[in-house]
Amino acid sequence: MAELGKHGKRKASNEDGPSNFPLFSHMADGEIDDDENLGGDDTDRDTRQDPLEVFGSEIMTVMLSKVDARSVAIARLVCRGWHAVASSDKIWAPKKKVCGHAKASDVVHKLFARAIRRNRDIELSEICNVCPHFQCEELWLGKRHIARISKVQGLPKLAAYSLSLMDGKRTRITRQDLCDHVWEFHFTATAPEYWRNLDPYWSGSGPVMRRYFHPDGSVTAGPGDRVWGGHESSYTVVTGLLADGKIRDHYVRINRWPKLNVQRRDDWGWELCNHLYTYTSVADADDKEDGTGPFFPLF
């Protein structure tokens, strides 16, 4: 007989289990049968079981691989067993294909709930057939650059995912970042008309001009660049810090020209700009298997 709590209600039989895990409560109205309604009385609530015990780790791994990364991260907080399954490389490892079904996780939730409410086993094929290529590891898709620190051989996939996410929010650029990428250059709308007339970005007379930063501190341009003129140039990365370690000022300067403010884009690309011209890093995520950027975390 179940133990009664302070207010005369039954206590959950498994205090370390996911008795109220959100996976069961995110159903839209009308999507499951009336007898599957999750808002039953206390007796119905007590019949819930730990899905990990019901389905086993293999099916749970497949199910978690079909939901978004945030949901998997929450699943790691349920209990030790869920933490081990939700941290598996099978979930966090990058895949070559990703399904376009935005609601694949909803389908998995419904399969999960129906199996629990009807007290029946769920077949592994049912889960796999929902969306064969849907995965949590969508983080790198469409990104211009992938952090080198997340590509370290032997690094757990969950750690790689976390490091990628943190590095993608980094706004402090390094010399390694500058040298690892090719940069597109163009003048802004406020630049003098003479320079804009020479710029293929504005005239449409050819591809966008490119610039290259080198480890020795020099900057060069592509062949046939009408703007560059063949003069020597060098760059400096300037970072001013306050007493508490926060960044006071951060910019890149080429020669004695106006400083370039550093911006990070949503696609993890870099942009250096001032009122006269803009440098934009060229996407290279598919070309550089070892990643780009510093060899150590910098946040």
Which of Ala221, Gly269, Val238 sits closest to the plus end of the dipole of region 189-296, meaning its Cα is farthest towards the positive end, when Lys and Arg get +1 and Asp and Glu get -1 on the C-beta? Val238
To the nearest 20 debye, what is the magnitude of the charge dipole of region 195-247 about its Cα centre, counting +1 on the Cβ of each Lys and Arg and -1 on the Cβ of each Asp and Glu? 180
Pair Asp284, Trp195: separation of 7 Å Cα→Cβ label points (nm): 2.5
Along region 168-180, Karplus-curve 3J(HN,Hα) (6.51, -1.76, 1.60; θ = phi - 60°) to the nearest Hz, with x for Gly and Pro, reads x, 8, 5, 10, 9, 8, 10, 4, 5, 4, 4, 6, 6
Using the crude model of +1 on Lys and Arg Cβ and -1 on Asp and Glu Cβ, and no other charge, please compute the dipole size for region 162-279 relative to its Cα centre, in debye to 20. 300
Give me the distance in nm between label points sitting 7 Å out from Cα along the Cα-to-Cβ direction at Thr174 and His214, one decimal. 2.2
Dividing the mean separation of Cα pairs under 8 Å (6+ apart) by the residue count of region 140-226 yields a relative contact order in percent of 20
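Here, each number is a calculation from the coordinates, and none is a lab measurement. Remember, it's a predicted structure, so these values are computed and weren't measured experimentally. Cβ: placed from backbone, ideal geometry, glycine included. Neighbour counts: every protein chain shown.
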